[in-house]
1. Output wanted: per-residue J couplings in Hz (rounded whole) for the range 104-115, from phi through Karplus 6.51 cos²θ - 1.76 cosθ + 1.60, θ = phi - 60°, x for Gly and Pro.
2. Could you give the radius of gyration (one decimal) and Dmax (whole number) of the Cα atoms in the range 94-191, in Å?
3. Could you tell me what percent of the accessible area of the range 1-90 is made up of carbon and sulfur, with a 1.4 Å probe and every protein chain present?
4. Of the accessible area of the range 96-191, with the probe set at 1.4 angstrom, what percent is carbon plus sulfur?
5. After finding the eigenvalues of the alpha carbon gyration tensor for the range 35-86, what semi-axes result from the square roots of 5 times each, listed largest first in whole Å?
6. What residue among G109, G146, G72 has the largest mean-square fluctuation in a Gaussian network model of the chain, using Cα springs under 10 Å?
7. 222 nm [θ] for the chain, helices only, -39500 (n - 2.57) per DSSP H run of 4+, per residue, to 500?
8. Leaving out ligands and nucleic acids, and using a 1.4 Å probe, what accessible area per residue does the chain come to in Å²?
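The values are calculated or read from the model by the stated rules, or taken from the named source; none is laboratory data. If you're wondering where the values come from, they're calculated on a predicted model, not measured in any experiment. Side chains are part of the model used for accessible areas, which takes the heavy atoms of the whole protein and leaves out ligands, DNA and RNA. Shrake-Rupley method; radii C 1.70, N 1.55, O 1.52, S 1.80 Å.
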Amino acid sequence: MGKGRLEAFSDGVLAIIITIMVLDLKAPIGTDLAALKTVIPTFTSYVLSFVFVGIYWNNHHYLIHTVKTISGAILWANLHLLFWLSLIPFFTRWMGDNGFAPVPVALYGVILIFAAIAYTILIRAIIAHHGKDSTLARAVGKDRKGNISIALYALGILLSLVNPAPGYAVYVFVALIWLVPDRRIERVIEE
């Protein structure tokens with residue numbers, strides 16, 4: 001099977017996720033700059049979530065660029081990833097609306113860790129379909145970056161339950177690690 005529908009569908013779902021998140025932002029009541037203070041938590045959570053969805057969109061593009069054909073396993077692994085990403089708007093809003101309380105911040109991390117695991121499963125499904133010598137297999141290797149990210153999410157979740165600020169900071173740190181598209185794939189494609 002060709003990859004066109006998978007890529008188009010994924011792009012559409014990610015666009016809808018971002019749209020839902022921005023529609024959840026409510027304008028403050030008041031006309032002075034002080035009124036903006038009330039929306040800072042919601043806006044901050046939106047910015048981080050926008051960055052995460054953007055990271056997944058960007059890296060998904062590189063990932064799918066390595067694919068020649070797809071299988072049923074790849075389709076299901078991709079849907080699995082999209083499922084976890086589709087929950088980001090809900091937890092973004094909950095976290096922001098509750099001023100970064102421990103449980104919403106921790107559960108936001110749970111969504112992030114499951115999305116990262118789903119992305120890893122998608123990578124493994126593609127490698128299984130294309131072989132251990134495929135472009136993607138050579139590019140990701142043992143996927144240290146992905147595994148480190150999952151470990152950091154787990155740390156962020158635990159920290160969030162004690163004090164949300166350090167947990168949230170760990171999530172920001174992971175976003176910074178991935179902000180640049182996955183150059184491993186780009187390097188292998190260029191070779």
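1. x, 5, 5, 6, 4, x, 4, 4, 5, 5, 5, 5
2. Considering the range 94-191 through its Cα atoms, Rg and Dmax are 15.8, 48 Å.
3. 74
4. Ligands and nucleic acids excluded, carbon and sulfur reach 67 percent.
5. Working through the eigenvalues yields semi-axes of 33, 12, 4 Å.
6. Checking each option, the largest mean-square fluctuation is seen for G72.
7. -26000 deg cm²/dmol
8. Here the per-residue accessible area is 52 Å².
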